[in-house]
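Undergrad: If you scroll down you'll find the structure; I have some questions about it.
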Amino acid sequence: MSRTVKSADERKKDIIQTAEKLFIEEGYNNVTTSAIAKKTGVAKGTLFYHFETKDNLADAVIKYQLAPLKETYQQINAKKEWSALKKMSWFFLSELDDSLQHVSSFNYLKNDDNAILRQKLRVQMTTDFVPFIENWLTQGVKEDIFQVDDPHLMAEFIFTSFHSWVENSLFGDDLKTRNHRINYVLPLYNQMLHLPQNTFSPENMRKLIQ
């Protein structure tokens, strides 16, 4: 019986998926590259051919986990018929309703043994998603909806402050508490963008998205 020979890309994906599974089950600090190679069914040299260090592999795992979320952001960004206000409302509602199910997906990061992955997630999310927020703020300025002097800095502030604000809830509190925190802070962004009162209320945003 002939053995199936996998391509380099397929083998690389296998390693990433195995590492992800072990990090979730055992915690990043408790998983060795030897264990990942053994579980994947590859030689340790093969693992290091694709990833020079465990840290490099961790970066790849985080990017792999964020890929579906990034694809969704790209789809929203491509909606030319959507106003900037609608796109920003989608951003806040996706967090409030967890419509993309990323809260549960990253629940394993509550484990202190995954603190390194938690930090990598923060950095990668900022790198991946701030440009989308910047695009939407720039669009909103052109549409005369938002008043923003520096869309890039405002995008960084909105994204990083918002996720820092809800992070404790994401990794510790229940969803009810998390949503309360989100609702509490939404008026701040409403004021920062010089929008009419309650523009970013959940009710108004849902009406806009429908």
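Undergrad: Which semi-axes, in whole Å and largest first, does the equivalent ellipsoid of the stretch 64-166 have when worked out from the alpha carbon gyration tensor as the square roots of 5 times its eigenvalues? Don't skip to the answer; put the middle values down first.
TA: Numbers: eigenvalues 135, 44, 25 Å².
Those come to 26, 15, 11 Å.
Undergrad: Treat the count of other C-beta atoms within 10 Å as a stand-in for reagent exposure and order Val42, Val5, Val61 from fewest to most. Walk me through the intermediate numbers first.
TA: Numbers: Val42 19, Val5 7, Val61 25.
Exposure proxy ranking, most exposed first: Val5, Val42, Val61.
Undergrad: Let me know the charge dipole size of the chain about its Cα centre in debye, to the nearest 20, where only the beta-carbon of Lys, Arg (+1) and Asp, Glu (-1) is charged. Don't skip to the end; give the middle numbers.
TA: Values: 26 positive and 27 negative charges, 149 e Å.
Rounded to the nearest 20 debye, it is 720 debye.
Undergrad: Working from the alpha-carbon coordinates of the chain, get Rg over Rh, Rh being the Kirkwood radius.
TA: Values: Rg = 20.0 Å, Rh = 19.0 Å.
Over the Cα atoms of the chain, Rg/Rh equals 1.05.
Undergrad: I've got another one for you. If R₀ is 41 angstrom, what is the calculated FRET efficiency for the pair Val185 and Lys44, using the beta carbon separation as r and rounding to 0.05? Mind dumping the intermediate values first?
TA: Working: r = 47 Å, r/R0 = 1.14.
Taking R0 as 41 Å, the efficiency between Val185 and Lys44 is 0.30.
Undergrad: Could you check the simple spin-label distance between Asp112 and Lys79, using points 7 Å along Cα→Cβ, in nm with one decimal?
TA: About 4.2 nm, to one decimal.
Undergrad: Relative contact order of the stretch 112-204: what whole-number percent is it, with Cα pairs under 8 angstrom and at least 6 residues apart? Kindly include the intermediate steps, with their values, before the conclusion.
TA: On the way: 60 pairs, mean separation 19.6, N = 93.
Over the stretch 112-204, the number comes to 21 percent.
Undergrad: Which of Arg178, Arg118 has the fewest other C-beta atoms within 10 Å, and how do the rest follow up to the most? The partial results should precede the final answer.
TA: Values: Arg178 22, Arg118 19.
By the 10 Å Cβ count, ascending: Arg118, Arg178.
Undergrad: While we're here: In nm, what is the difference between 0.36 nm times the number of residues separating Thr72 and Lys207 and their Cα-Cα distance? Present the calculation step by step, with values, prior to reporting the outcome.
TA: Working: separation 135, 0.36 × 135 = 48.60 nm, distance 2.04 nm.
Contour length minus the Cα-Cα distance gives 46.6 nm.
Undergrad: Suppose only helical runs count, i.e. DSSP H with n ≥ 4. What mean residue ellipticity at 222 nm does that imply for the chain under -39500 (n - 2.57) per run, divided by all residues and rounded to the nearest 500 deg cm²/dmol?
TA: Numbers: 10 runs with 150 residues, N = 210.
So the calculated ellipticity at 222 nm is -23500 deg cm²/dmol.
Undergrad: For Thr32, what charge total do you get from the other residues with a beta carbon under 11 Å from its beta carbon, if Lys and Arg give +1 and Asp and Glu give -1?
TA: Working: positive: Lys38, Lys39, Lys44, Lys54; negative: Glu26.
Overall, the nearby charge balance is +3.
Undergrad: When Ser105, Ser94 are ordered from fewest to most other Cβ atoms inside 10 Å of their Cβ, what list results?
TA: On the way: Ser105 15, Ser94 18.
By the 10 Å Cβ count, ascending, the order reads Ser105, Ser94.
Undergrad: Now a separate question. Could you tell me which residue out of Ser105, Ser94, Phe200 lies farthest along the dipole of the chain toward its positive end? Charges go on the beta carbon: Lys and Arg +1, Asp and Glu -1, centred on the Cα centre.
TA: The residue sitting most towards the positive pole is Ser105.
Undergrad: Provide Rg over Rh for the stretch 1-52; use the alpha carbon set for both Rg and the Kirkwood Rh (inverse mean inverse pair distance). Please list the in-between numbers first.
TA: Values: Rg = 11.4 Å, Rh = 11.4 Å.
With Rh from the inverse mean 1/r over Cα pairs, Rg/Rh is 1.00.
Any read-out appearing in this document is the output of simple, stated calculations on the displayed coordinates, not a laboratory observation. These numbers come from a predicted model, not from an experiment. Every residue, glycine as well, gets a Cβ built from its backbone with ideal geometry; the counts of neighbours run over all protein chains shown.
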